[in-house]
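Undergrad: Before I ask anything, let me first share the structure, which is written out below as structure tokens.
The values are calculated or read from the model by the stated rules, or taken from the named source; none is laboratory data. Not measured: the values here are computed from a predicted model. Backbone-built Cβ (ideal geometry, glycine too); neighbour counts: all protein chains shown.
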Amino acid sequence: MPTRFIHTSGGNIAYDDQGEGPLVVCVPSMGDLRSEYRFLLPLLTSAGFRAVSMDVRGHGETSTSWPDYSVAAIGQDILALIESLKAGPATLIGTSMAAGASIWASVEAPDQISGMVLIGPFVHGKGDPWLKFLFSLAFARPWGPSLWTKYYARLYPTRPPHDLPEYIATLRDNLRQPGRMEALQKMMAADKTASGERLNKTRVPAFILMGSLDPDFKDPEGQARWVAEQVRGSYQMVNGAGHYPHAEMPRETFERILPFLQQLENQPVETHAS
């Protein structure tokens, strides 16, 4: 599938576009590629949805020179993509930090967002100069890409995808490209308060999905429950899955997401005051 691009004042955003029907925009976690959704996209299109997946700033085939890598900046890119597609409103599926960006987008442009699926949502945290310094050391070249992918492999605790070794090699090669490891470092240290401040302000339907063995959280179900309460949504756990249930257990994940998507299509369209 040929890569498509939208051009913004800050750079180019790469994305894939497949299928026909209601628009679903999939946004990957930091340090990952849009092909994070490689197993979920065919399931979405076969169910009658138009599935679009994008590379976030500095990652994949998206350009690397951006002044801002915060959740608000990624949220702006999500909205720019939806606007360029002329097919909104869209349902967003966002993983980890991209869940925070989805929340930001839903508050800033509620008419463009019909609902959100937040997977392993990391939705709060303030940028810390000391943390930024530590990240700059831990993930410096030349060892940074290999160290990141070694950490990445542990995010699939029960049923790693059959192609995980090849996928990790692709991810490592991408991070070795000029500017990409540096973009990841900046995104790790970026301020995430913009999503935390908007958690209880979003008014679009939200569904939280969390792997029961997600190593990024001490209490995965507690985190899922807390986020669901904040956004007035619902949550479900994927038993045995880690941080990427949609790649580790795609069929089980899809079976949980599909009823939410179908419910969105059956509800009346609401208008939001500006």
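Undergrad: Looking at (1) surrounded by fewer than 24 Cβ atoms within 10 Å (Cβ to Cβ); (2) on the phi > 0 side of the Ramachandran plot, which one does ALA47 not meet, given that it meets all the others?
TA: (2)
Undergrad: Looking at GLY31, GLY88, GLY10, GLY94 in this structure, which one is part of a loop (DSSP other than H, G, I, E, B) and within 17 Å of the chain's Cα centre (by Cα)?
TA: GLY31
Undergrad: A further question on this structure: Could you list, in sequence order, all residues of segment 87-115 that are within 17 Å of ARG50 (Cβ to Cβ) and of a type outside the set (Gly, Ala, Ser)?
TA: Within segment 87-115, PRO89, THR91, LEU92, ILE93, GLN112, ILE113 qualify.
Undergrad: Any idea which residue in segment 61-120 is nearest to PHE217 (Cα to Cα), counting only those that are of a type in the set (Asp, Glu) and touching a strand residue (DSSP E or B) at 6+ places or on another chain (Cβ under 7 Å)?
TA: Checking each candidate, the answer is ASP77.
Undergrad: Taking helices (runs of 4 or more DSSP H) that fall entirely within segment 105-207, which contain at least 1 residues that are modelled with pLDDT of 95 or more and among the hydroxyl-bearing types (Ser, Thr, Tyr)?
TA: The helices (runs of 4 or more DSSP H) meeting that bar are 164-175.
Undergrad: Sort out which residues of segment 220-259 are surrounded by 20 or more Cβ atoms within 10 Å (Cβ to Cβ) and among the aromatic types (Phe, Trp, Tyr), and write them in order of number.
TA: Residues satisfying the conditions are TYR235, TYR244.
Okay, residues lined up against (1) of a type in the set (Lys, Arg); (2) under 15 Å from ALA90 (Cβ atoms); (3) out of contact with any Leu (no Cβ under 6 Å at 6 or more places or on another chain):
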| site | (1), (2), (3) |
| --- | --- |
| HIS7 | no, no, yes |
| ASN12 | no, no, yes |
| ASP17 | no, yes, yes |
| GLU20 | no, yes, yes |
| VAL24 | no, yes, no |
| PRO28 | no, no, yes |
| ASP32 | no, no, yes |
| PHE39 | no, no, yes |
| LEU43 | no, no, yes |
